[in-house]
Amino acid sequence: MPFQILLLLFIGIPILELALLFELHQKVGFISTVSLVFATGVLGAWLVRNQGLATLFEIQQRLRAGELPAPQLLEGIMILLAGAVLVTPGLATDTVGFLLLIPSCRRQFRHRLQKWIEKRIQHNYVHVNHNGPFFN
């Protein structure tokens, strides 16, 4: 199963992105398509920087207060993921990236991710290998 998911990610998504970019190129032209890809990259990088810094500040505040900043750490990871997909040329990945930068959407994704993690922990699906090269 994990191999199929990786295959989909590394082959399927770029093929989808190329098809969408070719379709957009036919509708609006080359310059408009390239401009849109460039603009989403620049806007995405700016939004990721601002939201990433705000999240980092929130994490620092929680730590100073002696609290565990678990929700903010998950949101920080999602903001990093948003940045990664936004600097990748494509329309589908940009859509996912911008959705992750909308705070209400990001909170919903975070809640679903937390429930998924909690469920896996409760059903003993999370295994920690303590015999690896870092644990002697």
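The values are calculated or read from the model by the stated rules, or taken from the named source; none is laboratory data. Being a predicted model, the structure only gives us computed values, none of them experimental. All Cβ positions, glycine included, derive from the backbone under ideal geometry; neighbour counts span all protein chains shown. Each accessible area value is taken on the protein alone, full model and side chains, heavy atoms only, with ligands, DNA and RNA left out. Shrake-Rupley method; radii C 1.70, N 1.55, O 1.52, S 1.80 Å.
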Fill in the blank from the handout: To the nearest Å², the heavy-atom accessible area per residue of the chain with 1.4 Å probe amounts to 75 Å²
Practice task
Output the peptides 61-71, 47-57 sorted from most to least packed, where packing is the average of other Cβ atoms within 10 Å over each peptide's residues.
Solution key: 47-57, 61-71
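Any idea what the relative contact order of the chain is, in percent, if you count C-alpha pairs under 8 Å spaced at least 6 apart? Working shown, then result.
Numbers: 90 pairs, mean separation 32.2, N = 136.
It rounds to 24 percent for the chain.
To the nearest 500 deg cm²/dmol, what mean residue ellipticity at 222 nm is calculated for the chain from DSSP H runs of n ≥ 4 alone, each contributing -39,500 (n - 2.57), summed and divided by the residues?
On the way: 6 runs with 105 residues, N = 136.
Calculated mean residue ellipticity at 222 nm is -26000 deg cm²/dmol.
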Exercise for the section: Order the peptides 99-112, 81-94 from the highest to the lowest mean number of other Cβ atoms within 10 Å of their residues. Expected result: 81-94, 99-112
Handout entry: 0 to 90° range, to nearest 10: angle between helix 103-122 axis and the chain longest Cα axis
Key = 40 degrees
Fill in the blank from the handout: Over all viewing directions the Cα convex hull of the chain casts an average projected area in nm² of 11.5 nm²
Practice task
Kindly express, to the nearest 10 degrees and within the range 0 to 90, the angle between helix 70-86's C-alpha long axis and the longest C-alpha principal axis of the chain.
Solution key: 20 degrees
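Keeping the other protein chains in place, figure out the carbon and sulfur percent of the accessible area of the chain, with a 1.4 Å probe. Please list the in-between numbers first.
Details: 7220 of 10230 Å².
Heavy-atom surface of the chain belonging to carbon and sulfur, 1.4 Å probe: 71 percent.
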Exercise for the section: Taking the chain as the reference, fit the longest principal axis to its C-alpha atoms, fit the long axis of helix 13-28 to the helix C-alpha atoms, and give the angle between the two in degrees, 0 to 90, nearest 10. Expected result: 30 degrees
